[in-house]
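Let me begin by presenting the structure, written as structure tokens, before commenting on it.
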């Protein structure tokens, strides 16, 4: 199975533009030299922090998405990313996620089982069911979302066992 990355291009583009605006503000504050000449310590400390945070934000915005490979799914976001191995996936569904602009957004929903761990050791013997919606694979058209669902199901490695696929 080849490694495939799915991205929400509109979301990534808007976040990148927003972070670029903050980066330009941080750079523009040093161009005129007035802040440096007056030794405005608040600005000399604040604007480099804003610049570095903007560069990190641009990097994270470009990386947003879902990575599908032979090991499982990796969800990349602004916060903590998460990896879901194929062995933990219980079902894949294509359903209406939310309503935007008076139309439903159809997205993939993955149900998977996890076992709570602390320092790499299981805390209990029971597994808890969790549900995650892959908004990067969402669409306003059901046919597009269903095609992406079928494509993802086709990439699941063989020997996975019984995987419930519902619509």
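The values are calculated or read from the model by the stated rules, or taken from the named source; none is laboratory data. Owing to the predicted nature of the structure, the values given are computational and were not obtained by experimental measurement. Cβ atoms come from the backbone with ideal geometry, glycine included; neighbour counts cover every protein chain shown.
When the residues of region 47-69 are filtered to those that are outside any helix (DSSP H, G or I) and touching a helix residue (DSSP H, G or I) at 6+ places or on another chain (Cβ under 8 Å), which remaining residue is nearest to residue 157 (Cα to Cα)? Step through it out loud before you land on a result.
Of region 47-69, the ones outside any helix (DSSP H, G or I) are 64-69.
Filter once more, so that each one left must be touching a helix residue (DSSP H, G or I) at 6+ places or on another chain (Cβ under 8 Å): 64-65, 68.
Working: 64: 24, 65: 21, 68: 11 Å.
Per the stated criteria, the residue is 68.
Within region 18-32, track down each residue that is surrounded by 12 or more Cβ atoms within 10 Å (Cβ to Cβ) and at pLDDT 85 or above.
The initial filter retains those residues of region 18-32 that are surrounded by 12 or more Cβ atoms within 10 Å (Cβ to Cβ), namely 18-20, 22-27, 29-30.
Scanning region 18-32 gives 18, 19, 20, 22, 23, 24, 25, 26, 27.
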Review point. Within region 48-76, how many residues are farther than 16 Å from residue 18 by Cα and either surrounded by 15 or more Cβ atoms within 10 Å (Cβ to Cβ) or not assigned by TED's automatic domain parsing to the domain that holds residue 21 (or both)?
Key: 12
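Would you confirm whether any residue within region 6-17 is assigned to a loop (DSSP other than H, G, I, E, B), in contact with a strand residue (DSSP E or B) (Cβ under 7 Å, 6 or more places away or on another chain) and surrounded by 12 or more Cβ atoms within 10 Å (Cβ to Cβ)? Please lay out each step first, then the result.
So in region 6-17, the residues assigned to a loop (DSSP other than H, G, I, E, B) come out as 7-8.
Among the residues that remain, those that are also in contact with a strand residue (DSSP E or B) (Cβ under 7 Å, 6 or more places away or on another chain) are: 7-8.
Those left that are additionally surrounded by 12 or more Cβ atoms within 10 Å (Cβ to Cβ): 7-8.
Taking every residue of region 6-17 in turn, at least one turns out to be assigned to a loop (DSSP other than H, G, I, E, B), in contact with a strand residue (DSSP E or B) (Cβ under 7 Å, 6 or more places away or on another chain) and surrounded by 12 or more Cβ atoms within 10 Å (Cβ to Cβ).
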Exercise for review: Being surrounded by fewer than 16 Cβ atoms within 10 Å (Cβ to Cβ) and under 15 Å from residue 135 (Cβ atoms) is the filter here, so list the residues in region 77-94 that pass it.
Suggested key: 77, 78, 79, 81, 82
